[in-house]
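Peer 1: Sending over a structure as structure tokens; questions will come in a sec.
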Amino acid sequence: MTLLSVNINKIALIRNSRGTNNPDLIKVALDCERFGAQGITLHPRPDQRHARYDDCVELKKILTTELNIEGYPTQNFIDVVLAVQPAQVTLVPDAPNALTSDAGWDTVTHQTMLTDVIKTLNARNIRTSLFVGTDATHVEYAAKCGAQRIELYTEHYAKNFITHKHEVILPYINAANIATANGLGINAGHDLNLDNLAFFAQQLPNLLEVSIGHALVCDALYLGLENTIQLYNRCLR
Ligand code: PXP
């Protein structure tokens, strides 16, 4: 079964736009769980323009499903996740001012740094996942860095889904097979939506978790949060 982790950064962005606590991120996270999400993802960026570090602390106290915290491993980020101890940390290579994650790790170039960070996180029993593209060497080196999982960056799949879904899925299947052969669990995320998710989940072997934010929150405006989460979950069954 593939688990759905709902990325609630967009909810935090709306909250921050007025400087009050509306919408209440904690309430939304608990409602996501109640409506069927099996995890919550937060991506606190260095400027904390949407999810903030204190959101991570508060969410960890009340969630009953897994908290996944994504981010670039600055010392500040590492200090926060060590204090919060989420079930999973997903390391992403995005620059501090990036609009959103726009590439996976080059796990060869950054092997030494990633190995050190993963060792530190694993010592606190925090499962660690590396955000990567479909390059076979980058997947193999994710295992060499000591990661437990990879998160496949699905933007390229999503962009080409309408015109060539059968071709564009192939490198992802290949990457998933290499990951499995190297003992890595497989997550995926970015630009997944109600149109492209079911095919991805059906085709990709051993897909453990998807993390979805933007499209899910946009759909919830029209369909409601409860209905939307159920529709995403249906794509995964
Ligand atoms: N995975 C990572 C590493 C991300 O940075 C994001 C966006 O914050 C997502 C998944 C979710 O992408 P989307 O918002 O397009 O669903």
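Peer 1: Which count do you get for residues in region 4-40 that are within 14 Å of the ligand (Cβ to nearest atom), under 21 Å from residue 198 (Cα atoms) and either modelled with pLDDT under 95 or surrounded by fewer than 18 Cβ atoms within 10 Å (Cβ to Cβ) (or both)?
Peer 2: 0
Peer 1: Moving to a separate point now. Of the residues in region 62-91, how many are small (Gly, Ala, Ser) and surrounded by fewer than 23 Cβ atoms within 10 Å (Cβ to Cβ)? Full working, then the answer.
Peer 2: Within region 62-91, the first condition is being small (Gly, Ala, Ser), and the residues that meet it are 71, 83, 87.
Next cut, surrounded by fewer than 23 Cβ atoms within 10 Å (Cβ to Cβ) only: 83, 87.
Within region 62-91, residues that are small (Gly, Ala, Ser) and surrounded by fewer than 23 Cβ atoms within 10 Å (Cβ to Cβ) number 2.
Peer 1: For region 187-237, name all the residues that are assigned to a helix (DSSP H, G or I), in contact (Cβ under 8 Å) with a residue 60 or more places away in the chain, more than 18 Å from residue 25 (Cα to Cα) and away from the ligand (no atom under 12 Å from the Cβ).
Peer 2: Residues satisfying the conditions are 201, 230, 233.
Peer 1: Output the residues belonging to region 167-189 that are surrounded by 15 or more Cβ atoms within 10 Å (Cβ to Cβ), out of contact with any Asp or Glu (no Cβ under 7 Å at 6 or more places or on another chain) and not aromatic (Phe, Trp, Tyr). Break it down into steps so the answer makes sense when it comes.
Peer 2: Kept after step one, since they are surrounded by 15 or more Cβ atoms within 10 Å (Cβ to Cβ), are these residues of region 167-189: 168-169, 171-172, 175-179, 182, 184-189.
From what is left, the residues that are out of contact with any Asp or Glu (no Cβ under 7 Å at 6 or more places or on another chain) are 168-169, 171-172, 175-177, 179, 184-186.
Result: 168, 169, 171, 175, 176, 177, 179, 184, 185, 186.
Peer 1: Continuing with the same structure: Quick one: in region 137-164, which of the residues that are closer than 12 Å to residue 118 by Cβ and charged (D, E, K, R) is nearest to the ligand (Cβ to nearest atom)?
Peer 2: Within region 137-164, the match that is nearest to the ligand (Cβ to nearest atom) is 149.
Peer 1: From 20, 41, which residue is outside any helix (DSSP H, G or I), in contact (Cβ under 8 Å) with a residue 60 or more places away in the chain and on the phi < 0 side of the Ramachandran plot? Full working, then the answer.
Peer 2: Details: 20 fails: in contact (Cβ under 8 Å) with a residue 60 or more places away in the chain.
Residue meeting the stated conditions: 41.
Peer 1: When region 69-123 is examined, which residues are found to be β-branched (Val, Ile, Thr), more than 10 Å from the ligand (Cβ to nearest atom) and assigned to a loop (DSSP other than H, G, I, E, B)? Please lay out each step first, then the result.
Peer 2: Residues of region 69-123 that are β-branched (Val, Ile, Thr), as a first pass: 69, 74, 78, 80-81, 84, 89-90, 92, 100, 107-109, 112, 115, 117-118, 120.
Then drop every residue that is not more than 10 Å from the ligand (Cβ to nearest atom), which leaves 69, 74, 78, 80-81, 84, 89, 107-109, 112, 115, 117-118, 120.
Once the filter is applied, which keeps residues that are β-branched (Val, Ile, Thr), more than 10 Å from the ligand (Cβ to nearest atom) and assigned to a loop (DSSP other than H, G, I, E, B), region 69-123 yields 74, 107, 108, 109.
Peer 1: Can you spot a residue in region 50-61 that is closer than 23 Å to residue 230 by Cα and either of a type outside the set (Lys, Arg) or surrounded by fewer than 23 Cβ atoms within 10 Å (Cβ to Cβ) (or both)?
Peer 2: Of the residues in region 50-61, the ones closer than 23 Å to residue 230 by Cα are 59.
In the following step, the residues that additionally are either of a type outside the set (Lys, Arg) or surrounded by fewer than 23 Cβ atoms within 10 Å (Cβ to Cβ) (or both) were identified as 59.
Within region 50-61, one or more residues are closer than 23 Å to residue 230 by Cα and either of a type outside the set (Lys, Arg) or surrounded by fewer than 23 Cβ atoms within 10 Å (Cβ to Cβ) (or both).
Peer 1: Further question on the same structure: With the condition kept exactly as written, say whether any residue in region 31-43 is closer than 20 Å to residue 96 by Cβ and not polar (S, T, N, Q). Even if it seems obvious, please write down each step before you answer.
Peer 2: If we filter region 31-43 for residues that are closer than 20 Å to residue 96 by Cβ, which is where we start, we get 41-43.
Subsequent filtering for residues that are not polar (S, T, N, Q) retains 42-43.
Yes.
Peer 1: Considering 116, 135, 102, which residue is surrounded by fewer than 16 Cβ atoms within 10 Å (Cβ to Cβ) and farther than 16 Å from residue 43 by Cβ?
Peer 2: Matching residue, one of 116, 135, 102: 116.
Peer 1: Let me ask another. Could you please find all residues in region 44-65 being touching a strand residue (DSSP E or B) at 6+ places or on another chain (Cβ under 7 Å), more than 16 Å from the ligand (Cβ to nearest atom) and part of a helix (DSSP H, G or I)?
Peer 2: Correct list: 60 only.
The values are calculated or read from the model by the stated rules, or taken from the named source; none is laboratory data. As the structure is a prediction and not an experimental result, all values here were calculated from the model. Positions of Cβ are generated from backbone atoms using ideal geometry, with glycine treated the same way; all protein chains shown enter the neighbour counts.
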